[in-house]
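The values are calculated or read from the model by the stated rules, or taken from the named source; none is laboratory data. No experiment lies behind these values; they were computed from the predicted model shown. Reconstructed Cβ throughout: ideal geometry from the backbone, glycine too, with neighbour counts over all protein chains shown.
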Amino acid sequence: QVQLQESGPGLVKPSQTLSLTCTVSGGSIGRRDSYYWSWLRQPAGKGLEWIGRIYASGSTNYNPSLKSRVTMSVDTSKNQFSLKLSSLTAADTAVYYCARAEYGSGSFGYWGQGTLVTVSS
Amino acid sequence: DIQMTQSPSSLSASIGDRVTITCRASQSISNYLNWYQQKPGKAPKLLIYAASSLQSGVPSRFSGSGSGTDFTLTISSLQPEDFATYYCQQSYSTPLTFGQGTTVEVK
């Protein structure tokens, strides 16, 4: 059974950079052409926003609304992928999820439990 | 970006009711439409992928239909565990986008 687990700080100061890591167990992140790995977020009481995706090859696609501030990377040796989001403001306060999508349907079949990130001084 | 619009935003229903939620895309997305259920404090759970395919382990009372721009999620007989928020998501093009959600509440 594939499991994903987010890790990172719960509190970050404005203007700083958020760094989150998603550790995948029960399956290899390096299995190419079958899945891609995404970060999503959800502000309290609001809907879901897709941040971007990364393939095992390292190829990425980012949401244009966040593209200038987002960097994703993958470490297949550790079975992890990561998110960096810079120039944080209070509007970035949200629960951040990592998830795995099926390449064909683009559906997110596996999700992490989510981690709350608060941007505050 | 492709805009996804769900209706209604919320609904009240009773156990055993048939519930239908609609999702409309701002342009044709073929069948690249997925449905999720989310309960408070939990990650979303995939129910339906590719518009009408039931995810493994999901009860058969959930079904999806549609193609192009108009899609529906139907719960044939609402159960106590189905009170939750439901989201549609298009995977036709990036950025991937979600509907605003439909909350199913107890009547």
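Looking only at residues that are more than 23 Å from B:Q3 (Cβ to Cβ) and surrounded by 19 or more Cβ atoms within 10 Å (Cβ to Cβ) in the stretch A:56-78, which one is nearest to the chain's Cα centre (by Cα)?
Taking the stretch A:56-78 as the starting set, the residues that turn out to be more than 23 Å from B:Q3 (Cβ to Cβ) are A:56-60, A:71-78.
Filter once more, so that each one left must be surrounded by 19 or more Cβ atoms within 10 Å (Cβ to Cβ): A:72, A:74.
Details: A:M72: 8, A:V74: 11 Å.
Once the filter is applied, the top-ranked residue is A:M72.
Within the stretch A:75-121, which residues are within 10 Å of chain B (Cβ to nearest Cβ) and under 15 Å from A:Q3 (Cα atoms)?
Hits for the stretch A:75-121 are A:Y97, A:C98, A:A99, A:A101, A:E102, A:F108, A:G109, A:Y110, A:W111, A:G112, A:Q113, A:G114.
Mind checking which residues of the stretch A:76-121 are charged (D, E, K, R) and modelled with pLDDT under 95? Can you show your working first?
Filtering the stretch A:76-121 down to residues charged (D, E, K, R) leaves A:78, A:84, A:92, A:100, A:102.
Selection gives A:E102 alone.
What do you reckon, is B:Y92 within 14 Å of chain A (Cβ to nearest Cβ) and touching a Gly at 6+ places or on another chain (Cβ under 6 Å)? Let's see the steps before the verdict.
Values: within 14 Å of chain A (Cβ to nearest Cβ): yes; touching a Gly at 6+ places or on another chain (Cβ under 6 Å): no.
Here the answer is no, as B:Y92 does not meet what is asked.
List the strands (runs of 3 or more DSSP E) that sit entirely inside the stretch A:35-121 and contain at least 2 residues that are free of Cβ contacts under 8 Å to residues at least 40 places away in the same chain.
On the way: elements: A:35-42, A:49-54, A:60-62, A:70-75, A:80-85, A:94-102, A:108-111, A:115-119.
Ranges flagged: A:49-54, A:60-62, A:70-75.
Do we have A:A99 as closer than 30 Å to B:S52 by Cα, crowded, with 20+ Cβ neighbours inside 10 Å and of a type in the set (A, V, I, L, M) here?
So A:A99 fits the description; yes.
Say whether the condition of being more than 13 Å from chain A (Cβ to nearest Cβ) and within 27 Å of A:A44 (Cα to Cα) is met by at least one residue in the stretch B:26-37. Before you say what the answer is, go through the steps one by one.
The initial filter retains those residues of the stretch B:26-37 that are more than 13 Å from chain A (Cβ to nearest Cβ), namely B:26-28.
Applying the additional criterion that residues be within 27 Å of A:A44 (Cα to Cα) yields B:26.
Taking every residue of the stretch B:26-37 in turn, at least one turns out to be more than 13 Å from chain A (Cβ to nearest Cβ) and within 27 Å of A:A44 (Cα to Cα).
Which residues, taken from the stretch B:44-78, are more than 18 Å from B:R18 (Cα to Cα) and small (G, A, S)?
From the stretch B:44-78, those more than 18 Å from B:R18 (Cα to Cα) are B:44-46, B:49-51, B:53, B:55-57, B:67-70; that's our starting set.
Matches in the stretch B:44-78: B:A50, B:A51, B:S53, B:S56, B:G57, B:S67, B:G68.
In this structure, does B:Q55 turn out to be at the interface with chain A (Cβ under 8 Å from one of its Cβ atoms) and either loosely packed, with under 15 Cβ neighbours inside 10 Å or without any contact (Cβ under 8 Å) to a residue 24 or more places away in the chain (or both)?
Details: at the interface with chain A (Cβ under 8 Å from one of its Cβ atoms): yes; either loosely packed, with under 15 Cβ neighbours inside 10 Å or without any contact (Cβ under 8 Å) to a residue 24 or more places away in the chain (or both): yes.
Considered against the rule, which asks whether it is at the interface with chain A (Cβ under 8 Å from one of its Cβ atoms) and either loosely packed, with under 15 Cβ neighbours inside 10 Å or without any contact (Cβ under 8 Å) to a residue 24 or more places away in the chain (or both), B:Q55 comes out as yes.
A:Y36 versus (1) crowded, with 17+ Cβ neighbours inside 10 Å; (2) farther than 28 Å from A:P14 by Cα; (3) more than 14 Å from every other protein chain (Cβ to nearest Cβ): which is the lone unmet condition?
(3)
Could you go through the stretch B:70-82 and let me know if any residue there is free of Cβ contacts under 8 Å to residues at least 12 places away in the same chain and farther than 30 Å from A:G52 by Cα.
Here is the first cut: in the stretch B:70-82, the ones free of Cβ contacts under 8 Å to residues at least 12 places away in the same chain are B:81.
Subsequent filtering for residues that are farther than 30 Å from A:G52 by Cα retains B:81.
Taking every residue of the stretch B:70-82 in turn, at least one turns out to be free of Cβ contacts under 8 Å to residues at least 12 places away in the same chain and farther than 30 Å from A:G52 by Cα.
Which condition breaks for B:V106 when tested against (1) modelled with pLDDT under 95; (2) within 14 Å of another protein chain (Cβ to nearest Cβ)?
Exception for B:V106: condition (2).
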